[in-house]
Amino acid sequence: MIRVVVRNAPPGVKFAMQRGKSDLLEPSSCMDTELVFDVPVRVASRAGSKVPSILGPYAQGPASDRFLYLNSGTMAGQAETGWTRRAKIKTAAISWALVDEALAQDNAALLVEIHGCARDGGPCCGTIPPLDGGWKVLVMAR
């Protein structure tokens with residue numbers, strides 16, 4: 001599983017993870033300062049690559065450049081908003097060492113945290129860099 005934490009999302013803007021071409025996953029938790037999405041994924045090796053390939057209905061893009069889409073505003077199903085945005089969360093920095101570490105733990109996930117607000121004050125869009133040093137392993141409470 002991948003856990004995406006969206007920090008400092010603009011107030012009043014809906015966010016959802018894109019599944020396939022048009023289905024949406026609501027946040028698993030919402031607080032004033034962050035949104036949390038728990039995204040089920042599979043991991044496989046890819047011929048000629050040293051990094052794992054992220055698979056499943058939330059994985060977007062070609063095998064050589066996988067990412068997750070974080071939709072906001074009208075793209076997240078919010079009809080009454082002036083925002084229509086989508087952000088890419090790249091998975092290429094997930095290493096086999098991180099995957100192995102997560103699999104060795106009970107109840108662990110790969111964690112990425114991103115900033116939810118763009119420079120213009122609206123929701124994030126484009127390719128979003130991870131915060132706090134990038135991808136990590138998160139051992140979750142039971």
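The values are calculated or read from the model by the stated rules, or taken from the named source; none is laboratory data. This structure is a prediction, so every number in the text was calculated from the model and none was measured. Every residue, glycine among them, receives a Cβ derived from its backbone with ideal geometry; neighbour counts consider all protein chains shown. Side chains are part of the model used for accessible areas, which takes the heavy atoms of the whole protein and leaves out ligands, DNA and RNA. Shrake-Rupley method; radii C 1.70, N 1.55, O 1.52, S 1.80 Å.
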| field | Every pair of residues 6+ apart whose Cβ atoms lie under 9 Å, when the first sits in segment 41-70 and is closer than 22 Å to Ser22 by Cα while the second is of a type in the set (Asp, Glu) | value | Pro57/Asp23
| task | Can you tell me which residue among Gln105, Gln60 is among the polar types (S, T, N, Q), touching a Phe, Trp or Tyr at 6+ places or on another chain (Cβ under 6 Å) and farther than 17 Å from Asn8 by Cα? | result | Gln60
| query | Would segment 9-19 turn up any residue that is of a type in the set (Phe, Trp, Tyr), out of contact with any Pro (no Cβ under 8 Å at 6 or more places or on another chain) and open to solvent by less than 50 Å² (accessible area, probe 1.4 Å)? | reply | no
| query | Taking the stated definitions as given, is Ala87 in contact with a strand residue (DSSP E or B) (Cβ under 7 Å, 6 or more places away or on another chain), surrounded by 18 or more Cβ atoms within 10 Å (Cβ to Cβ), more than 19 Å from Phe15 (Cα to Cα) and not polar (S, T, N, Q)? | reply | no
| query | For segment 95-123, how many residues are over 12 Å from the mean Cα position of the chain (by Cα) and assigned to a loop (DSSP other than H, G, I, E, B)? | reply | 10
| Residue pairs meeting the criteria (Cβ under 6 Å; at least 6 apart or on separate chains; first basic (Lys, Arg), in segment 11-29; second in a strand (DSSP E or B)) | Arg19/Leu25
| request: Scan Ala109, Ala104, Ala141 and give me the residue that is over 18 Å from Asp65 (Cα atoms) and crowded, with 17+ Cβ neighbours inside 10 Å. | output: Ala109
| In segment 84-118, how many residues are over 20 Å from Arg19 (Cβ atoms) and either among the aromatic types (Phe, Trp, Tyr) or touching an Asp or Glu at 6+ places or on another chain (Cβ under 8 Å) (or both)? | 4
| message | Please go through (1) without any contact (Cβ under 8 Å) to a residue 40 or more places away in the chain; (2) crowded, with 16+ Cβ neighbours inside 10 Å; (3) among the hydrophobic types (A, V, I, L, M, F, W, C) for Val4 and return the number of the only condition it doesn't satisfy. | response | (1)
| Only one residue in Pro123, Pro130 is surrounded by 12 or more Cβ atoms within 10 Å (Cβ to Cβ), closer than 14 Å to Arg7 by Cα and in contact with an Asp or Glu (Cβ under 9 Å, 6 or more places away or on another chain), so which one is that? | Pro130
| task | Sort out which residues of segment 58-73 are open to solvent by 60 Å² or more (accessible area, probe 1.4 Å) and either under 14 Å from Ile2 (Cβ atoms) or touching a Ser or Thr at 6+ places or on another chain (Cβ under 9 Å) (or both), and write them in order of number. | result | Ser64
| Can you tell me which residues in segment 26-54 are surrounded by 14 or more Cβ atoms within 10 Å (Cβ to Cβ) and under 12 Å from Ile94 (Cβ atoms)? | Val41, Val43, Val51, Pro52, Ser53, Ile54
